[in-house]
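What follows is a set of notes on a single structure, which appears directly below.
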Amino acid sequence: MSSYPQPTESRAQELIENYNTILKKVEALNPKTRLVAVSKFKPSSDIMALYSIGVRHFGENYVQELIAKSEELPKDICWHFIGGLQSGKTKDLSNKVSNLYAVETVDSLKKCRQLNNARERKNGEVINVFLQINTSGEEQKSGFLDENDIDKCIEYLKSDECKKLNLIGLMTIGSFAESTSEHEENQDFKKLTDMKKNLDDKFNLDLQLSMGMSNDYEQAIKQGSTNVRVGSSIFGARPTKN
Ligand SMILES: *Cc1c(COP(=O)(O)O)cnc(C)c1O
């Protein structure tokens, strides 16, 4: 352990306290929910602070940053890639992060093929996959919009052709408007839950749901989320990009 980057004692205390506060709220709503600590832009020493109390699931948004951290940090960390997935980066993601647990932002059949084929050539471990759904329909958001495309992608993931990817769920980033509205239910989360039910029936699956971030993870769990991605409430505000 001592060869890994270590936080100061006060930073470690702060992070552990923040994490445990969130974890308590998560478990009170549904003890089966997975809390993924989103560590983008945060130093490896921050990750080690939570690692020291047994946290293993971390989320990262940028392929280069994830590769660097995965090389530096313990290999039993389960990395979740949650950033915008670019075709040009799928190969590096597949090849260079041996302990990649899940890619949560798969949004096309083409990227599925790229991830699978890169893993197959190196005979790497299976990667879990969430299909990202653009539930709000906002232009700037990634994710599937067309149900036909989703079906085709699932058919590929279930086929013998695809040996290195394991479909485990659906993911969405709800709109800001929904996460701050006074509605009883978040309509984006509802859309994802409804879609899960339909796809479970149609393809005989039991899909997980990845929805909810710092602002709305409690609401997301109330609406059925099984995987919440929380960053700033644990690690503090991030520097803005650039
Ligand atoms: C950054 C990010 C998060 C974490 O966001 P916070 O609001 O800091 O909790 C969750 N999901 C995705 C896809 C992200 O990009």
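Rule-based calculations on the coordinates, nothing more; no lab input. Note that the coordinates shown come from a computational prediction; the quantities given were computed from them, not determined experimentally. So basically every Cβ, Gly included, is an ideal-geometry build from the backbone, and we count neighbours across all protein chains shown.
Descriptive notes on the structure:
- Taking label positions 7 Å along the Cα-Cβ direction at both Glu218 and Lys202, the computed distance is 3.5 nm, reported to one decimal.
- Working from label points 7 Å from Cα in the Cα-to-Cβ sense, the Lys110 to Glu9 distance is 5.5 nm.
- Overall, the ratio between the Cα radius of gyration of the chain and 2.2 N^0.38 Å, rounded to two decimals, is 0.99.
- Taking Cα centre as origin and charging only the Cβ of basic (Lys, Arg, +1) and acidic (Asp, Glu, -1) residues, the dipole magnitude of the range 9-235 rounds to 800 debye.
- Since only Asn134, Thr21, Thr8 are under comparison, the one whose Cα sits farthest along the positive direction of the charge dipole of the chain, derived from C-beta charges on Lys, Arg, Asp and Glu, is Thr8.
- Computed over the range 90-173, the ratio Rg/Rh where both radii use C-alpha atoms and Rh is Kirkwood: 0.97
- Subtracting the Cα-Cα distance of Tyr156 and Ser45 from 0.36 nm times their residue separation leaves 36.0 nm of extension gain.
- Cβ-Cβ FRET estimate between Thr180 and Ala237, R0 fixed at 22 Å, reported to 0.05: 0.80
- Estimated purely from DSSP H runs of n ≥ 4, each contributing -39500 (n - 2.57), the mean residue ellipticity at 222 nm for the chain is -13000 deg cm²/dmol once divided by its residues.
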